[in-house]
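**Student:** For reference, the structure I am asking about is given below.
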Amino acid sequence: MTSNRPPSIALWLLERFSGNDALVGDLVEAFGPRRSTLWFWKQTLVALLAAHANALLALTGLIALFAIGRRVAIPGVNADALAALAAGTAGSFRIYDALSGGGLARVSVLALAIHPYTTAATAVEFATWLRRLAFGRITASKLIVRGTRMLAVLVAGIQALGLTLFLERQSQVPGGLSLVEHPGWTFRIPAILVLTCGTVFLMAISDRLSRTGSANGLLLVFAAGAVVGLTALPTLSLGVALQLAMNLAIVSITARAYRRDLCASVR
Amino acid sequence: MSRGEFSHFELLVLTAVVRLGDRAYGVNIADEIEAHSGRDVIVGSVYAALDRLEDKGFVTSKLADPTPERGGRAKKYFRVTGAGLRHVREAQRVLTALWRGVPKFKEGLT
């Protein structure tokens, strides 16, 4: 079955995701009486796979990393008490837990996931956009990247402190178990350091992927966390799905703008 | 694989670029390989190989003017470089030298 026009959905996919205008032109030109629709689809799917092979490989590796990382709890937390507490939680906690690859409920080393970085990137990109709109001034990419990283570490530290304080104050754990074995700064300082380092580690991976590969590191790390987190959920409600989709949309906009600045900052 | 080496498919692509001369672009290269190997060639794989060859300095690329039959998209032409040509010749020399020993090997098998 042949026609003069290539299949529109395949063409749209190619234009949107192949990132290679010359390839799209070649396939459109070559598609004629002697090429079938099936040929065009085959060319499209393999081209997309070839273009995003590195991203798919990286995503697989990141999913494995989250799957392992979520099982490594920070020091000083009673695992049995934590499991009992997590089982009784619901609502927004579940959503944040899903977004952190299921690491929040287990207070794992990756509990904060990449969120401090996405939060910082969103804030800095939004602020620079407002600055450009109000004063017509463009902020240097190096400054944006440096500012985002510093803010991300600060946000990670604050979130880690908040989490440790939250854990210490939990008095409603079923069975009367104590969540933190030795509350106080001897628990908080190492816990904050471990949690912040977990996020910094993910930030380094994200930046490396963005700079060297054809993938958006920030988006990939976020997506990998969400995939692992979703598999840890007992059920997926409409509310959770909607909030996840909204978060993904915000992160994808931020990640695109931030990647541009990240790549420009090393030129 | 080190920077100076290339895969079998990259060698096919590079040889097709040499054969086509000024007419070497994605679909043409795929057609050339298809005609001589008798197997289906994916244009996306040809571009992936060309990207790697360009990174290694074996080919260069140049965009032509956009044309209506391509939906207003430019054609990307590829040319082999001096280093690329040397590598093709070297591959030919090695394969030819190796091939000389094959009949004896075949006799041993039959």
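The values are calculated or read from the model by the stated rules, or taken from the named source; none is laboratory data. These figures come from a predicted structure and were not determined experimentally. We place every Cβ from the backbone using ideal geometry, glycine too, and count neighbours over all the protein chains shown.
**Student:** When segment A:120-139 is examined, which residues are found to be at pLDDT 85 or above and surrounded by 12 or more Cβ atoms within 10 Å (Cβ to Cβ)?
**Tutor:** A:A120, A:A121, A:T122, A:A123, A:V124, A:E125, A:F126, A:A127, A:T128, A:W129, A:R131, A:R132
**Student:** Further question: Considering each of A:I144, A:I63, A:I95 in turn, give the residue that is assigned to a helix (DSSP H, G or I), at pLDDT below 75 and over 26 Å from A:I189 (Cβ atoms). Write out each step before concluding.
**Tutor:** Values: A:I144 fails: at pLDDT below 75; A:I63 fails: at pLDDT below 75.
None of the others qualify; the one that does is A:I95.
**Student:** Only residues that are within 14 Å of chain A (Cβ to nearest Cβ) and crowded, with 18+ Cβ neighbours inside 10 Å: list them for segment B:72-89, please.
**Tutor:** B:R73, B:K75, B:K76, B:Y77, B:F78
Condition check ((1) within 26 Å of A:A53 (Cβ to Cβ); (2) without any contact (Cβ under 8 Å) to a residue 24 or more places away in the chain; (3) among the basic types (K, R); (4) crowded, with 21+ Cβ neighbours inside 10 Å) across all residues:
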| site | (1), (2), (3), (4) |
| --- | --- |
| B:V43 | yes, yes, no, yes |
| B:S61 | yes, yes, no, no |
| B:E69 | no, yes, no, no |
| B:A91 | yes, no, no, no |
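**Student:** Kindly evaluate A:A232 against the criterion of being modelled with pLDDT under 85 and of a type outside the set (D, E).
**Tutor:** So A:A232 passes the test.
**Student:** Give the number of residues within segment A:25-51 that are assigned to a loop (DSSP other than H, G, I, E, B) and at pLDDT 85 or above.
**Tutor:** The number of residues fulfilling the criteria is 2.
**Student:** Let me ask another. Is segment A:213-224 home to any residue that is over 11 Å from the mean Cα position of the chain (by Cα) and in a helix (DSSP H, G or I)?
**Tutor:** Our first condition is that a residue be over 11 Å from the mean Cα position of the chain (by Cα); within segment A:213-224, this holds for A:213-215.
Those still in the list that are in a helix (DSSP H, G or I) too: none.
No: segment A:213-224 contains no residue that is over 11 Å from the mean Cα position of the chain (by Cα) and in a helix (DSSP H, G or I).
**Student:** With (1) more than 10 Å from chain B (Cβ to nearest Cβ); (2) at pLDDT 85 or above as the list, and A:S3 as the residue in question, which single condition is left unmet?
**Tutor:** Only one criterion in (1) more than 10 Å from chain B (Cβ to nearest Cβ); (2) at pLDDT 85 or above is unmet by A:S3, namely (2).
**Student:** Go through segment B:41-71 residue by residue and tally those that are within 7 Å of chain A (Cβ to nearest Cβ) and of a type in the set (K, R).
**Tutor:** Final tally of qualifying residues: 1.
**Student:** So how many residues does segment B:65-94 have that are closer than 26 Å to A:K42 by Cβ and in contact with a strand residue (DSSP E or B) (Cβ under 9 Å, 6 or more places away or on another chain)?
**Tutor:** Step one: filter segment B:65-94 for residues closer than 26 Å to A:K42 by Cβ, giving B:66-78.
Retained after the next criterion (residues that are in contact with a strand residue (DSSP E or B) (Cβ under 9 Å, 6 or more places away or on another chain)): B:66-67, B:73-78.
The total comes to 8.
**Student:** Which residues, taken from segment A:139-154, are without any contact (Cβ under 8 Å) to a residue 40 or more places away in the chain and in contact with a helix residue (DSSP H, G or I) (Cβ under 6 Å, 6 or more places away or on another chain)?
**Tutor:** If the condition is that a residue be without any contact (Cβ under 8 Å) to a residue 40 or more places away in the chain and in contact with a helix residue (DSSP H, G or I) (Cβ under 6 Å, 6 or more places away or on another chain), then A:T139, A:G147, A:L151 are the ones that fit.
**Student:** So if I check each of A:A22, A:A58, A:A51, A:A64, which one is within 14 Å of chain B (Cβ to nearest Cβ) and closer than 30 Å to A:L202 by Cβ?
**Tutor:** The unique qualifying residue is A:A51.
**Student:** Limited to segment B:29-44, what total is found for residues that are under 11 Å from the mean Cα position of the chain (by Cα) and closer than 18 Å to A:V24 by Cα? Even if it seems obvious, please write down each step before you answer.
**Tutor:** Taking segment B:29-44 as the starting set, the residues that turn out to be under 11 Å from the mean Cα position of the chain (by Cα) are B:29-30, B:32-33.
Applying the additional criterion that residues be closer than 18 Å to A:V24 by Cα yields B:29-30.
So the count comes out to 2.
**Student:** When you check A:V228 against the structure, is it over 13 Å from A:V145 (Cα atoms), part of a helix (DSSP H, G or I) and in contact with a Phe, Trp or Tyr (Cβ under 7 Å, 6 or more places away or on another chain), yes or no?
**Tutor:** Values: over 13 Å from A:V145 (Cα atoms): yes; part of a helix (DSSP H, G or I): yes; in contact with a Phe, Trp or Tyr (Cβ under 7 Å, 6 or more places away or on another chain): yes.
When the stated conditions are applied, A:V228 passes them.
**Student:** Follow-up. Considering each residue of segment A:47-71, count those that are without any contact (Cβ under 8 Å) to a residue 60 or more places away in the chain and surrounded by fewer than 16 Cβ atoms within 10 Å (Cβ to Cβ), and give that number.
**Tutor:** Of the residues in that region, 9 qualify.
**Student:** Within segment B:8-36, work out how many residues are loosely packed, with under 12 Cβ neighbours inside 10 Å and away from chain A (no Cβ under 14 Å).
**Tutor:** The qualifying residues number 3.
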